[in-house]
Amino acid sequence: MTHPVSHFFAYVSRLRWIRRWGLMRNAIEENVATHSWEVATLAHVLALIRNRHFGGQLNADHIAAAALYHDATEVITGDLPTPVKYHSEVMREAFGDIEHKAEHELLALLPDELRSAMAPYIQESGWDPEVRQIIKAADRLSAWLKCQAEIQAGNKEFEPAATQIHERLQADPLPEVAYFLAVFAPSYQRPLDHLLG
């Protein structure tokens, strides 16, 4: 039995060429593929923390997989900086419509027999509110960690973004995020030689 060729994964793999933080001078370059991996690991552990410590009943594996694809549409749309994306309600709605169309375009690249299985990961509009909440928190946490790394590298340009993102994390307090910030975040500031001992 022969199967038609699908361009889906070849296309999505190009996320590695899309730079993030395009309006800012970066000491440490970050691409969308690397960011997606970090958000997936953070979302996975946030779900596990919620389940173990805060009475959650989340499917951490499903959340990790959805987080891997949370920015997949950027292979079509590019990475739009947050200040631009959220500049106004009109901009947010317009970009939301573009993202929705990009989701459909990506899904159309898949073989018919895989499309419905992949849709729950690609189509954010179908995500359960708790899944969305955890992935959004992981996304913000990843951005805050990026800002901290830039500041530690001497790049003061990221200080206002770090403050704004930290305020957003505090304004929507999730106990699993506070746990991560207390238990895991301090180690990000340590040199490599101090991480294994």
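Values in this text are rule-based calculations from the coordinates and carry no lab data. In this text, all values refer to a predicted model and were calculated from it rather than measured experimentally. Ideal geometry is used to build each Cβ from the backbone, glycine not excepted, and the neighbour counts take in all protein chains shown.
Pairwise Cα separations in the range 63-145 fall into 5 Å bins from 0 onward with the following percentages, short to long: 3, 14, 21, 25, 22, 10, 4, 1. Here's the picture: a label point sits 7 Å out from the Cα of THR34 along the beta-carbon direction, and within the range 152-181 the residues with their amide nitrogen under 17 Å of it are 152-155, 158.
If R0 equals 22 Å, the separation of the Cβ atoms of GLN133 and ARG168 corresponds to a calculated FRET efficiency of about 0.95. Ordering 5-17, 153-165 by mean Cβ neighbour count within 10 Å, with the highest value first, yields 153-165, 5-17.
For the residues LEU107, LEU80, what sequence is obtained by ranking on other C-beta atoms within 10 Å, fewest first? Before the final figure, lay out each step's value.
Details: LEU107 18, LEU80 15.
Ordered from fewest to most neighbouring Cβ atoms within 10 Å, LEU107, LEU80 come out as LEU80, LEU107.
Nearest 10 degrees, 0 to 90: what angle lies between the long axis of helix 129-152 and the longest principal axis of the chain (Cα atoms)? That works out to roughly 50 degrees. Normalised by 2.2 N^0.38 Å, where N is the number of residues, the C-alpha radius of gyration of the range 1-114 stands at 1.24.
Using a cutoff of 8 angstrom between alpha carbon atoms and counting only pairs six or more residues apart, the relative contact order for the chain works out to 24 percent. Distance between the modelled labels on MET91 and TYR11, one decimal in nanometres: 2.7 nm (7 Å Cα→Cβ projection).
If you count, for each residue, the other Cβ atoms within 10 Å and average over each peptide, how do 45-58, 113-126 line up from highest to lowest? Kindly include the intermediate steps, with their values, before the conclusion.
On the way: 45-58: 17.3, 113-126: 14.3.
Ranking, from highest mean packing down: 45-58, 113-126.
Over the chain, dividing the summed -39,500 (n - 2.57) contributions of all DSSP H runs of at least 4 residues by the number of residues returns a 222 nm mean residue ellipticity of -19000 deg cm²/dmol. Set the Cα radius of gyration of the range 96-197 against 2.2 N^0.38 Å, with N its number of residues, and you get 1.41.
Relative to the longest principal axis of the Cα atoms of the chain, the long axis of helix 159-171 lies at roughly 80 degrees.
In terms of overall dimensions, the chain has a Cα radius of gyration and Dmax of 17.7, 58 angstrom. Angle of helix 112-122 to the longest C-alpha principal axis of the chain, folded into 0 to 90 degrees and rounded to 10: 20°.
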